[in-house]
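Participant: Would you mind keeping the following structure in view while I ask a few things?
The values are calculated or read from the model by the stated rules, or taken from the named source; none is laboratory data. Keep in mind that this is a model prediction, so the values were computed, not measured. Don't worry about glycine lacking a Cβ; one is built from the backbone with ideal geometry, like all the others, and counts go over all protein chains shown.
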Amino acid sequence: MSAVQPQLNALFADAFRQLEPQRPTPAIEVRFYPYAGLNHTIRLRSGRVYVRLSDIFRDAPPNVQRALAFILVAKLLRRRTPQMHERVYREYATSPHVLRAADLARRQHGRKLISSARGTYHNLDRLFARLNRRYFDNELEKPTLTWSPRRTRRILGHHDPVHNTIVISKTLDAADGPEWFVEYILYHEMLHIKHPARLVNGRRLYHTKAFRAEEERYPLYREAQEWLNHIARERRTPRARAA
Ligand SMILES: [Zn+2]
């Protein structure tokens, strides 16, 4: 649970004013919760409105938070939600980065896994320290580093800004998995810390030009791309990637 969110209260108050202009706006309390997945709740109790939002939406763009406010208030008032808001919300909630964050949150809640940076073959703490020294002037703050609980084959790495976590697929912690390749995947995720997603025309852009340019400067970048293709061919799956 986190502190009350005054700027979000304003969005909800605004939704009340627009959906039910004839009635005075109730007192509203909005908090983020580390919910499993993308659950949000809204309740009315003794004339006060309590909103609980999944903390995956903590860094959602303003228009998405606004859409969510309208959807929840409309639900409470048993009104139809304006279609535009449904669309904005759905588009964000089903974007790959949000789905992965939700998936990760669900697993952490469901299984109470203790995360570990130390795999059987590769140690993410050690690789992080080396990459940070070589390519980031030791300036990146260390996130939680962990191997994924399961072998995810398509997504080899993921940076979750909400939980400040980098997850690397357990698939890569293998005897025949070269260390330089694990290092490349981790490097890609570290670039996500250095280059936060930018809002472009209301959408989140994760792999900006600056991000791509820096990624290509990685000495084994070409080899890494070939290895990604190699993995895909071996498994007859669509090309694996770092997200
Ligand atoms: Zn990425």
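Participant: Specify which of the listed residues (Glu215, Glu141) is away from the ligand (no atom under 15 Å from the Cβ) and over 21 Å from Glu234 (Cβ atoms). It would help to see each step written out before you state the result.
Facilitator: Values: Glu215 fails: away from the ligand (no atom under 15 Å from the Cβ).
Just a single option satisfies the conditions, and that option is Glu141.
Participant: Identify the single condition in (1) surrounded by 13 or more Cβ atoms within 10 Å (Cβ to Cβ); (2) away from the ligand (no atom under 15 Å from the Cβ); (3) not basic (Lys, Arg) that Leu191 does not satisfy, given that it satisfies every other one.
Facilitator: Only one criterion in (1) surrounded by 13 or more Cβ atoms within 10 Å (Cβ to Cβ); (2) away from the ligand (no atom under 15 Å from the Cβ); (3) not basic (Lys, Arg) is unmet by Leu191, namely (2).
Participant: In segment 8-63, which residue that is surrounded by 19 or more Cβ atoms within 10 Å (Cβ to Cβ) and hydroxyl-bearing (Ser, Thr, Tyr) is modelled with the lowest pLDDT?
Facilitator: The extreme case among them is Tyr35.
Participant: Which one of these is farther than 23 Å from Thr208 by Cβ, at pLDDT 85 or above and not assigned by TED's automatic domain parsing to the domain that holds Glu234: Arg118, Arg126, Arg133, Arg79?
Facilitator: Result of the check over Arg118, Arg126, Arg133, Arg79: Arg79.
Participant: Which of (1) touching a residue at least 12 places away in the same chain (Cβ under 8 Å); (2) out of contact with any strand residue (DSSP E or B) (no Cβ under 8 Å at 6 or more places or on another chain) is the odd one out, the single condition His207 does not satisfy?
Facilitator: For His207, the failing item is (1).
Participant: Condition test on Arg204, is it among the charged types (D, E, K, R), within 12 Å of the ligand (Cβ to nearest atom) and within 18 Å of Ala101 (Cβ to Cβ)?
Facilitator: yes
Participant: Let me ask another. Surrounded by 17 or more Cβ atoms within 10 Å (Cβ to Cβ), of a type in the set (Val, Ile, Thr) and within 14 Å of the ligand (Cβ to nearest atom): does that describe Val162? Even if it seems obvious, please write down each step before you answer.
Facilitator: Details: surrounded by 17 or more Cβ atoms within 10 Å (Cβ to Cβ): yes; of a type in the set (Val, Ile, Thr): yes; within 14 Å of the ligand (Cβ to nearest atom): no.
Spelling it out, it is not the case that Val162 is surrounded by 17 or more Cβ atoms within 10 Å (Cβ to Cβ), of a type in the set (Val, Ile, Thr) and within 14 Å of the ligand (Cβ to nearest atom).
Participant: Oh, and also: Regarding Gly202, is this residue small (Gly, Ala, Ser) and modelled with pLDDT under 90? I'd like the intermediate steps shown before the answer.
Facilitator: On the way: small (Gly, Ala, Ser): yes; modelled with pLDDT under 90: yes.
Against the criterion (small (Gly, Ala, Ser) and modelled with pLDDT under 90), Gly202 qualifies.
Participant: Given the conditions (1) more than 13 Å from the ligand (Cβ to nearest atom); (2) touching a residue at least 12 places away in the same chain (Cβ under 8 Å), and given that Arg126 satisfies all but one, which numbered condition is not satisfied?
Facilitator: Only one criterion is unmet by Arg126, namely (2).
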